[in-house]
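Here is the structure we will look at, set down as structure tokens.
The values are calculated or read from the model by the stated rules, or taken from the named source; none is laboratory data. For clarity, every value in this text was computed on a predicted model and none was experimentally measured. Here the Cβ positions follow ideal geometry from the backbone for every residue, glycine too, while neighbour counts run over all protein chains shown. Accessible surface areas use protein heavy atoms only, side chains included; no ligands, DNA or RNA. Shrake-Rupley method; radii C 1.70, N 1.55, O 1.52, S 1.80 Å.
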Amino acid sequence: MRKKIVAGNWKMNMDLAEGLKLAEAIDTYFKSKASKAEVILCTPFIHLAGASEILKNGSVHLGAQNCASETSGAYTGEVSASMIKSTGAQYVITGHSERRSYYHEEDKLLNKKTLLAVASGLKVIFCCGEVQKERESEKHFEVVSKQLAEGLFSLSPVDFKNIVIAYEPVWAIGTGLTATPDQAQEMHKYIRGLVSGKYGKEIAEDLTILYGGSCKPSNAVEIFSKPDVDGGLIGGASLKKEDFIAIVEAV
Ligand code: PGA
């Protein structure tokens with residue numbers, strides 16, 4: 001059976017002390033109460049080493065939100081995948097819509113980052129999703145298909161096993177609008193079909209596909225009940241311990 005995952009994407013929130021306090025609270029909770037889903041905290045870079053120390057004996061996993069497209073060298077301000085790995089983190093997010101839109105990260109660059117992250121021993125949460133205009137003009141399948149083909153499908157089948165896909169309709173991120181459970185299911189099924197076409201049925205069936213975009217305790221159960229929705233990538237609601245735990249428990 002494929003793995004269920006709930007990942008928190010803290011984005012650019014919380015100073016070091018606040019972030020470590022939240023990591024500790026979540027770690028403590030899941031030490032006393034096992035969850036059915038794998039829990040991942042994707043923190044800002046500055047929290048990784050400290051959070052890794054806090055999480056090392058528990059069940060909660062750790063990830064970064066971005067990585068460099070180069071291995072090392074004169075790239076002021078960048079953080080490489082192997083540096084992330086060296087903190088003890090196991091995951092990195094690539095292709096988040098905020099990276100695509102604010103930092104102009106395109107499929108080719110995201111492909112480079114993703115390949116490098118996997119080569120560095122990280123698992124990758126690769127995000128895809130359409131903007132509102134694309135949904136309105138019914139181009140959403142085409143858009144997601146292109147993002148996957150150009151960003152991901154150059155990976156070998158062996159490397160692809162380190163991939164989690166997050167479908168995040170951009171119009172639902174941080175807006176309070178959520179895709180309906182049926183809209184999420186329709187796209188997740190489509191994505192699984194694309195992966196099956198490229199890598200075969202077995203790999204596609206094993207692939208964890210997360211939904212992201214204004215996921216909260218009040219809508220998580222319904223969205224996660226869909227057969228191709230294997231958990232969530234949670235932004236705003238991952239900053240509140242109670243909300244995040246409730247979403248994990250919705251799986
Ligand atoms: P949101 O963000 O839950 O705040 O909508 C999700 C994401 O961007 O990963």
Practice item. Determine the gain in length on full extension of the stretch K133-M12; use 0.36 nm per residue of separation and subtract their C-alpha separation, reporting nm with one decimal. Key: 40.9 nm
Review point. Which distance in nm do the two modelled labels at T180 and A34 give, with both placed 7 Å along the Cα-to-Cβ direction?
Key: 3.8 nm
Review point. Along the positive direction of the dipole of the chain (beta-carbon charges: Lys, Arg +1; Asp, Glu -1; about the Cα centre), which of N66, L109, P227 reaches farthest?
Key: P227
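Once the Cα gyration tensor of the stretch 5-250 is found, what semi-axes does its equivalent ellipsoid get, as square roots of 5 times the eigenvalues, in whole Å, sorted largest first?
On the way: eigenvalues 126, 99, 57 Å².
Semi-axis lengths for the stretch 5-250 are 25, 22, 17 Å.
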Revision key, fill the gap. Restricting to Cα pairs under 8 Å and 6 or more apart, the percent relative contact order of the stretch 165-251 works out to 33 percent
Exercise for review: May I ask for the distance between the Cα centers of the stretch 31-89 and the stretch 191-212, given as a whole number of Å?
Suggested key: 25 Å
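For the chain, what is the calculated [θ] at 222 nm in deg cm²/dmol (nearest 500), taking -39500 (n - 2.57) for each run of four or more DSSP H residues and dividing by its residue count?
-13000 deg cm²/dmol
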Practice item. Could you calculate the contour length gain from V79 to S218, that is, 0.36 nm times the residue separation minus the distance between their Cα atoms, to one decimal place in nm? Key: 46.4 nm
Review point. Say the cut-off is 28 Å between C-alpha atoms; which of K112/K241; K113/K189; K56/K198; K33/K189 go over it?
Key: K112/K241; K56/K198; K33/K189
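Take the solvent-accessible surface of the protein heavy atoms, probe 1.4 Å, and return the percent of it on the chain that carbon and sulfur atoms account for. Working shown, then result.
Numbers: 6180 of 11540 Å².
Looking at the chain in its full context, I get 54 percent from C and S.
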Check your understanding: How many Å² of accessible area per residue for the stretch 84-172, probe 1.4 Å?
Key -> 44 Å²
Check your understanding: Rounded to the nearest 20 Debye, what is the dipole magnitude of the stretch 5-250 about its Cα centre when Lys and Arg each give +1 and Asp and Glu each give -1 at the C-beta?
Key -> 320 debye
Study note, to complete from the structure: In nm, the gap between the two label points placed 7 Å beyond Cα toward Cβ at D159 and T71 is 1.3 nm
Review point. Any idea what the relative contact order of the stretch 117-173 is, in percent, if you count C-alpha pairs under 8 Å spaced at least 6 apart?
Key: 57 percent
**Study point:** For the stretch 1-74: accessible area per residue (Å², 1.4 Å)
**Key:** 50 Å²
**Study point:** Local electrostatic count at L55 - Lys and Arg +1, Asp and Glu -1, tallied over other residues with Cβ under 12 Å
**Key:** -1
Practice item. Give the relative contact order (percent, whole number) for the stretch 5-250; include only Cα pairs under 8 Å separated by 6+ residues. Key: 19 percent
